[in-house]
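Just so you know, all these numbers are worked out from the coordinates, no wet-lab data involved. Remember, predicted model here, so these are calculated numbers, not experimental data. When we count neighbours, we look across all protein chains shown, and the Cβ atoms used for this are built from the backbone with ideal geometry, even at glycine.
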């Protein structure tokens, strides 16, 4: 199993991830076209956590997974880091019902599911905001800036086109006093993780 090469999983965590795969495999609501087990583990599971094998400090406090869809990366990270609190946020009620049932079946007590557009959420703050392929950088920052704690870090799961998105977001990033770094992987998956934080606050990026 490829994920065991990148993280020291307990048997319990491996069992929960496999159970989540089986839940997806048997779901009536098709949230992923990837049914092959090896592809699922590489393209969904490994993609969810690969960055944090070297940058674990980024994940802190209350974590929001914006546009979570089928529960990636939020459910995988909640299994791996039970000490953290995860909010899985999506505007599609059917997806959220699937996740509520899956979270209950997995027994994940550190997860809540919120059915809402992120820009409509009030009176909530998060230390970490994650989003996987939902919106462009500029849009995501504008959608979630009111949800960000003063020390918040955003992790946006992107592809090679992210440089164009960051160029378009330049004014917004400057006005909001935010800066970014890109962490690129070519293998075992192709992914750019764009990490955004408050200017001058790089403590959790080290």
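Quick one: helix 11-26 against the long Cα principal axis of the chain, what's the angle to the nearest 10°, folded into 0 to 90? Between the helix axis and the principal axis of the chain, the angle is about 80 degrees.
For the pair segment 1-73 and segment 145-196, the centres of their Cα atoms are 21 angstrom apart. Principal-axis analysis of the Cα atoms of the chain puts helix 93-106 at an angle of about 60° to the longest axis.
Could you calculate the FRET efficiency of residue 183 with residue 26 from 1/(1 + (r/R0)^6), where r is the beta carbon distance between them and R0 is 30 Å, rounded to 0.05? Don't skip to the end; give the middle numbers.
Working: r = 34 Å, r/R0 = 1.14.
The formula returns an efficiency of 0.30 here.
Could you pull out which residues in segment 63-103 have an amide N less than 20 Å from a spot 7 Å beyond the Cα of residue 109, following the Cα-Cβ vector? The answer is 63, 75-88, 100-103, whose backbone nitrogens lie closer than 20 Å to the label point.
How many percent of the alpha carbon pairs in segment 10-205 exceed a separation of 31 Å? For segment 10-205, the share of Cα pairs beyond 31 Å comes to 13 percent. Helical runs assigned H by DSSP (4 residues or longer) give the chain a calculated mean residue ellipticity at 222 nm of -8500 deg cm²/dmol, each run adding -39500 (n - 2.57) before division by the residue total. With both partners inside segment 96-206, how many of the DSSP beta bridges are antiparallel, as a percent to the nearest 5? Rounded to the nearest five, the antiparallel share is 70 percent. Paramagnetic label reach from residue 56 (point 7 Å along Cα→Cβ; backbone nitrogen cut-off under 20 Å): within segment 1-45, residues 2-17, 45. A Gaussian network model of the chain, with springs between Cα atoms under 10 Å, assigns the largest mean-square fluctuation among 124, 42, 163 to 124. Peptides 44-53, 72-81, 138-147, ordered by how many other C-beta atoms sit within 10 Å of their residues on average, highest first, read 72-81, 44-53, 138-147. Protection proxy ranking of 155-162, 130-137, 8-15, by the mean of other Cβ atoms within 10 Å over each peptide's residues and highest first, is 130-137, 155-162, 8-15.
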